[in-house]
Amino acid sequence: MTPELCVVVPTFNERENVPLLIRELSASLEGWNWEVVFVDDDSVDGTADVVSAHAKTNPRVRLIHRIGRRGLSSACMEGMLSSQAPLLAVMDADLQHDSSILPRMVQCLQQGSHDVVVGTRNSDGGSMGEFCKTRILLSRAGQRLSQTICRCKLSDPMSGFFLIRRNFLMEVVRDVRGEGFKILVDMLSSARRPVSLTEVGYTFRARTHGESKLDAAVAIEYLFLVLNKMLGDVIPVHLTLFMLVGCIGLILHLLTLLYLVDARHVHFLTAQIIATFLAMSENFLLNNRITFRDRRLKGKHLLPGIMRFAVTCSFGAWANFIFTRALWQSGVEWLVAGFAGIMIASVWNLSVSSFVTWPV
Ligand code: GDD
Ligand code: MN
């Protein structure tokens with residue numbers, strides 16, 4: 001029988017939290033027809049094995065074990081899409097979200113015929129709990145930004161704890177970007193009509209096991225999500241990040257030349273080789289860390305990766321040269337020709353790198 005409610009839980013290295021969460025959910029949802037789907041991105045701590053062991057004896061527990069992919073938002077999307085339940089909840093595995101408010105969330109959704117109910121830390125008696133000041137400030141800044149793109153008012157758009165109707169998911173699913181951490185903002189800003197939403201308060205608890213996966217790259221990804229939604233999906237995020245990294249590489253290249261030629265009197269061509277090597281390594285490492293962080297190469301894959309990247313980019317440089325020269329010879333202003341060449345090379349480098357250096 002199809003469950004009434006499906007709770008989707010993305011996991012990445014949450015081995016110790018899984019049994020505790022299952023126990024908590026079983027108590028909170030006693031008497032309900034529910035299931036829980038853990039979407040694990042092949043955690044190294046063996047989270048998938050722990051879930052799998054529970055799934056063997058507990059029919060309410062399911063596992064989606066993803067290999068070679070990373071990402072909180074996409075994990076949530078996959079979990080939600082895997083269920084036929086008419087009500088879909090999403091919450092973290094680390095017990096920071098309080099599952100005891102789930103029944104109230106369901107009641108609120110049904111009584112008010114809302115599309116979405118959000119677990120909030122900022123109103124209705126909710127609280128941030130004991131949280132560090134910087135994190136609270138960052139969270140507030142993120143909230144402000146999200147208000148410019150969401151099609152509804154809410155006090156805690158950064159929340160990763162919410163309940164939606166499956167119908168609402170199907171309405172927005174094709175416009176959701178599914179990258180980064182903020183799946184709720186992603187969905188709310190993808191709706192093509194005002195969304196009916198209400199909030200239920202809870203106290204954000206401290207994490208006791210494992211560590212948070214939120215880092216600077218997650219914040220950058222969020223900024224791009226907001227930009228992308230504001231400009232109606234016209235900015236390709238990967239290309240923008242790739243070009244930003246490229247700009248840093250360019251600056252590094254010029255500074256290296258300046259230092260070697262000017263201060264150390266190294267021969268220009270030798271300096272050029274060193275600068276190219278440095279800039280390319282920096283481009284590779286930053287792209288590996290930011291642009292393609294979900295497919296990041298590590299350990300023994302790093303060296304072959306950097307070599308593939310070098311070959312790809314030298315074709316890009318060659319295309320840049322040929323194209324710029326053709327434009328320039330046909331009378332186009334040098335600055336315009338140079339810029340067009342850079343764009344062509346960037347698009348080439350990104351497209352080829354994304355399946356040669358960082359294949360899915
Ligand atoms: N499958 C999968 N893949 N799960 C992931 C990934 C990933 O790449 N990254 C994180 N998770 C899981 C974690 O295992 C955890 O269950 C949940 O997503 C949240 O990750 P945390 O690392 O605990 O995030 P947080 O506590 O910093 O952030 C939380 O608070 C934010 C509000 O400030 C999350 O609830 C966010 O969703 C929320 O917006
Ligand atoms: Mn957490």
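Does residue 100 satisfy the condition of being surrounded by fewer than 20 Cβ atoms within 10 Å (Cβ to Cβ), in contact (Cβ under 8 Å) with a residue 24 or more places away in the chain and more than 16 Å from ligand 2 (Cβ to nearest atom)? Considered against the rule, which asks whether it is surrounded by fewer than 20 Cβ atoms within 10 Å (Cβ to Cβ), in contact (Cβ under 8 Å) with a residue 24 or more places away in the chain and more than 16 Å from ligand 2 (Cβ to nearest atom), residue 100 comes out as yes. Within the range 60-89, the residues that satisfy the criterion of being closer than 22 Å to residue 193 by Cα and aliphatic (A, V, I, L, M) are 77, 80, 81, 87, 88, 89. Taking the criterion of being under 30 Å from residue 216 (Cα atoms) and among the small types (Gly, Ala, Ser), would at least one residue in the range 264-272 satisfy it? No, because not a single residue in the range 264-272 is under 30 Å from residue 216 (Cα atoms) and among the small types (Gly, Ala, Ser). Here the range 192-219 is the region considered, the condition is being charged (D, E, K, R) and modelled with pLDDT under 80, and the residue that is farthest from ligand 1 (Cβ to nearest atom) is 215. Here is the figure for the range 47-74: residues that are at pLDDT 95 or above and either among the small types (Gly, Ala, Ser) or more than 16 Å from ligand 2 (Cβ to nearest atom) (or both) total 19. Among the conditions (1) part of a loop (DSSP other than H, G, I, E, B); (2) in contact (Cβ under 8 Å) with a residue 60 or more places away in the chain; (3) more than 26 Å from the chain's Cα centre (by Cα), the only one that residue 24 does not satisfy is (1).
Within the range 305-360, being modelled with pLDDT under 90, outside any helix (DSSP H, G or I) and either of a type in the set (Phe, Trp, Tyr) or closer than 30 Å to residue 69 by Cα (or both) holds for 359, 360. Candidates in the range 149-172 are the residues that are under 25 Å from residue 125 (Cβ atoms) and more than 16 Å from ligand 1 (Cβ to nearest atom); of these, the one that is modelled with the highest pLDDT is 165.
The values are calculated or read from the model by the stated rules, or taken from the named source; none is laboratory data. Since the model is a prediction, treat every value here as computed from it, not as a measurement. As a convention, Cβ positions derive from the backbone with ideal geometry for all residues, glycine included, and neighbour counts pool all protein chains shown.
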